[in-house]
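Here the structure comes first, spelled out in structure tokens, and everything after it is commentary.
What follows is calculated from the coordinates using simple rules that are stated; it is not laboratory data. Note that the coordinates shown come from a computational prediction; the quantities given were computed from them, not determined experimentally. Neighbour counts are summed over all protein chains in view; Cβ atoms, including those assigned to glycine, are modelled from backbone coordinates with ideal geometry.
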């Protein structure tokens, strides 16, 4: 997570004299999350952990000059975060900056209408809301701010729900919205709601006893910006940022203050127990009992019985049969023959997707993708004693898979691949290493997949992953048997 060449994150926010929130918290968070912050001060505040007693806006000349230098002197700003803005001239200058950049800068906008430590007015935010949303990659109001900006009443919220409230901002131009629910009373969990055109889910952590931590909203939005700058998708950044803040609440910066200590800046979370519980419509949440796999080693993915036979004869001990044609008349026959043959070779065969037929044939395990999981009967798979492998494409899906306690989790795609069109970006080595470390603490078996070749496999194995799945790497090789032997030698060398 820590980079030699840190991406740049522009921060427009107020300066907190108490050091717990505002630009101070932003800079600490951004550095923690592997990026470099460029501070542009919108206002200077006199405040403690409890009260804001004075706010003085930066001069518009100073503010514009800071933005000009940021635009001209830095080669590439990878993301930005906006917090407190209290004057309409600064708001207008900010909007003009992001509306007229040569390239669209991913932007996290935290609309500070009210802060827990005191009332902070943000001039003309409501009248320019559409412009704000159109430049925002992620819009992060807390629940009271979201209600005020949308013109909703508590009765509206009760009737339509938080997801619908988030959709209001999407309909008005935002790409992604996260409504922070930590202010909601009468619940023992802090529930944030993520909404985009493609995806909606909630993230929940237990509330910590006390009045919370000062600067949590600042840390959350600046963590989002830093993670997006580092190449994470919005939904992936969201779950890591949520865990980051939860860690900071559990371990605040000044623990001797028992009322509202500044949020702690404890580095990118390295323990998956800090991550939120995810709930997504139609996605299963039940905990099942699946036998954990140990390291799977070389893991070819093939599409026919003939290929199953060929790789088994070459000495492969773990493999997957992936037949996408559901209407194939010999589908069960291929699965059944493959299962029987794998047992003869004392090999572990996973069947992709067709879990009913895999159960019928007595397969070792099944492999399911995110969409497959929405329709699958996981309890039936568990009762049948089959192992379960799950495909993921980033921390958000990894977390959903982890909640199901599968036998292994496939992390991908690691490098660019021509096997199929991918909606997600390649994870790369650093993101693979981070996700593997999170899962290793829970003894979850991991498999790396996507674009992995012999020339980059050593870097993959250095992350701690001990299994690599290959789709075209075996079946499209000039000499598959020779290629299998080379891969097996690679795995053997890593064990020495």
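When shorter helices are ignored and each DSSP H run of at least 4 residues is given -39500 (n - 2.57), the per-residue value for the chain at 222 nm works out to -11500 deg cm²/dmol.
Applying 1/(1 + (r/R0)^6) with r as the Cβ-Cβ distance of residue 270 and residue 481 and R0 = 35 angstrom yields a FRET efficiency of 0.30. What does DSSP give for segment 8-280 in terms of the percent of beta bridges that are antiparallel, rounded to the nearest 5? Counting only bridges with both partners in segment 8-280, antiparallel ones make up about 50 percent.
Only beta bridges with both residues in the chain are counted; by DSSP, about 30 percent of them are antiparallel. DSSP beta bridges confined to segment 175-285 are antiparallel in about 95 percent of cases. Ranked by the mean number of other Cβ atoms within 10 Å of their residues, highest first, the peptides 131-141, 307-317 come out as 131-141, 307-317. The residues 86, 475, when put in order of fewest to most other Cβ atoms within 10 Å, stand as 475, 86. Peptide packing: for 440-449, 330-339, the average count of neighbouring Cβ atoms within 10 Å per residue gives the ranking 440-449, 330-339, highest mean first.
Applying 1/(1 + (r/R0)^6) with R0 = 41 Å to the Cβ-Cβ distance of residue 62 and residue 462, what FRET efficiency is obtained, to the nearest 0.05? Once the sixth-power term is evaluated, E becomes 0.30.
Full extension of the chain segment joining residue 163 with residue 380 gains 75.0 nm, where the gain is 0.36 nm per residue of separation less the Cα-Cα distance. With the simple model of a label 7 Å out from the Cα in the direction of the Cβ, residue 337 to residue 324 spans 2.2 nm. Segment 194-271 and segment 451-496 have Cα centres lying 37 Å from one another. Counting neighbouring Cβ atoms within 10 Å and putting the fewest first, the residues 160, 408, 305, 232 line up as 160, 305, 232, 408. With r defined as the distance between the Cβ atoms of residue 131 and residue 281 and R0 fixed at 45 Å, what FRET efficiency is calculated, to the nearest 0.05? Efficiency, from the Cβ-Cβ distance: 0.90. For segment 297-495, the square roots a ≥ b ≥ c of the C-alpha gyration tensor eigenvalues yield an a/c of 1.5 or more together with a/b not exceeding b/c, which makes the shape oblate. The relative contact order of the chain comes to 11 percent, based on Cα pairs under 8 Å that sit 6 or more residues apart.
Most tightly packed first, judged by the mean number of other beta-carbon atoms within 10 Å of their residues, the peptides 359-367, 244-252, 21-29, 458-466 read 21-29, 244-252, 359-367, 458-466.
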